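Encoded as structure tokens, the structure appears first; notes follow it.
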Amino acid sequence: MAVPQKHFYFLVLLLGLIYSRDLNTGFRVLETSASVLLIPMAFPNSDKLSESKWEKIIQAFIIGLFIACVICLSNAAIEYLRSKNIASFFYYNLTDIIKLQPTYFAYYLIFSITWLIHNLFFGETQSNKFSIAILIMFYLSP
């Protein structure tokens with residue numbers, strides 16, 4: 001029986017926990033890598049979803065990401081005012097409050113910006129163009 005690559009990858013990560021000296025870091029790697037396995041499982045009938053439902057799912061994701069950005073930037077600003085350390089706005093210090101690895105956060109931002117730019121130029125509705133442009137500028141500002 002052949003094991004799909006994404007399952008094999010996850011299995012290797014699980015086996016790696018046996019040899020890990022730092023289980024906290026091992027579990028964080030496992031957690032962030034779980035999306036490779038779980039996202040395809042979350043949408044097994046994705047071909048049955050209408051375009052409008054996909055659009056609503058993506059819009060909900062973008063709104064959630066916007067809220068996460070506001071939380072991260074607000075926390076960084078508060079931390080900067082308290083410590084005067086500019087590092088509060090960078091890498092792990094920025095995303096620690098939401099417990100998300102900065103690289104994955106950046107991937108989500110890139111996906112959102114790409115989708116927003118696509119809708120800005122090729123979207124059917126004219127009423128949201130200004131909102132989309134503002135969101136793109138917000139995502140590009142950090």
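Observations
- Among the helices (runs of 4 or more DSSP H) confined to region 41-142, the ones with at least 1 residues that are more than 20 Å from the chain's Cα centre (by Cα), at pLDDT 85 or above and farther than 27 Å from residue 27 by Cβ are located at 51-83.
- Tally of residues being closer than 14 Å to residue 65 by Cα and polar (S, T, N, Q) across region 104-140: 2
- Condition check for residue 3: at pLDDT below 70 and assigned to a helix (DSSP H, G or I): no
The values are calculated or read from the model by the stated rules, or taken from the named source; none is laboratory data. Since this is a predicted model, take the numbers as computed values, not measurements. Please note: Cβ atoms are built from the backbone with ideal geometry, for glycine as well, and neighbour counts cover all protein chains shown.
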